[in-house]
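A.B. asks: The structure that follows is given in the form of structure tokens.
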């Protein structure tokens, strides 16, 4: 039998190790469109935002849809970034979640005729962070798609007419072939 001091030290060490072992985050993605992602509550401050890791199968512009409802009487303004970078500016990087409207699919940015989107530079895992600039909102679900004309259809998006046939993974040429060089700046 171990002395009580040794038992207490072993138990404390086990608790510290358990606290330090971060759970493996869930990675969302797939080979068909749309890529559906679990939602959650979003409040102000980027550091307190909803964070999801998503595996994108192709580079390009991915259209962001959120199924959301405002939790306040004044609505909410939601914004986002991908891997800590937002390539859109002004109202293009914001979605208004209207007050008292209930849960609904949204992807119209605050600029007329401009859909919310993220710009994926290369296939693989990327971190999407969503937070509110004003108000609070509950995001029921997120959807990302390459198909510009996708429409809400219950818990998912309708891809009827998608020229890509609903695929989310496409072959990508080698860097030497397509001319892309990360970090290159024009002279």
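A.B. asks: What do you reckon, is residue 96 buried (at least 20 other Cβ atoms within 10 Å of the Cβ) and within 20 Å of residue 69 (Cβ to Cβ)?
C.D. replies: No, not satisfied.
A.B. asks: Residues in the range 105-119 that are in contact (Cβ under 8 Å) with a residue 40 or more places away in the chain and either assigned to a strand (DSSP E or B) or more than 16 Å from residue 150 (Cβ to Cβ) (or both): how many?
C.D. replies: Of the residues in the range 105-119, 6 are in contact (Cβ under 8 Å) with a residue 40 or more places away in the chain and either assigned to a strand (DSSP E or B) or more than 16 Å from residue 150 (Cβ to Cβ) (or both).
A.B. asks: Residues of the range 41-74 being farther than 28 Å from residue 160 by Cα, at pLDDT 85 or above and surrounded by fewer than 19 Cβ atoms within 10 Å (Cβ to Cβ), which ones?
C.D. replies: 51, 71, 72, 73, 74 - these are the residues of the range 41-74 that are farther than 28 Å from residue 160 by Cα, at pLDDT 85 or above and surrounded by fewer than 19 Cβ atoms within 10 Å (Cβ to Cβ).
A.B. asks: Does residue 102 satisfy the condition of being at positive phi and either over 18 Å from the mean Cα position of the chain (by Cα) or assigned to a strand (DSSP E or B) (or both)?
C.D. replies: Judged against the criteria, residue 102 is a match.
A.B. asks: Out of 159, 126, report the one residue that is crowded, with 16+ Cβ neighbours inside 10 Å and within 22 Å of residue 85 (Cβ to Cβ).
C.D. replies: Sole residue among the options that is crowded, with 16+ Cβ neighbours inside 10 Å and within 22 Å of residue 85 (Cβ to Cβ): 126.
A.B. asks: Residues of the range 120-131 being out of contact with any strand residue (DSSP E or B) (no Cβ under 6 Å at 6 or more places or on another chain) and assigned to a strand (DSSP E or B), which ones?
C.D. replies: Of everything in the range 120-131, just one residue is out of contact with any strand residue (DSSP E or B) (no Cβ under 6 Å at 6 or more places or on another chain) and assigned to a strand (DSSP E or B), namely 124.
A.B. asks: Given the conditions (1) within 21 Å of residue 57 (Cβ to Cβ); (2) more than 15 Å from the chain's Cα centre (by Cα); (3) modelled with pLDDT under 90, which single one is not true for residue 87?
C.D. replies: (2) is the only condition that residue 87 fails.
A.B. asks: Out of all the residues in the range 81-97, is one or more touching a strand residue (DSSP E or B) at 6+ places or on another chain (Cβ under 8 Å) and free of Cβ contacts under 8 Å to residues at least 12 places away in the same chain?
C.D. replies: Yes - at least one qualifying residue is present in the range 81-97.
A.B. asks: Follow-up question, since we're still on this one. Identify, by number, the condition in (1) surrounded by 19 or more Cβ atoms within 10 Å (Cβ to Cβ); (2) touching a helix residue (DSSP H, G or I) at 6+ places or on another chain (Cβ under 6 Å) that residue 86 doesn't meet.
C.D. replies: (1)
The values are calculated or read from the model by the stated rules, or taken from the named source; none is laboratory data. Just so we're clear, the structure is a prediction, and the values are computed from it rather than from any experiment. Note: ideal-geometry Cβ built from the backbone for every residue, glycine included; neighbour counts use all protein chains shown.
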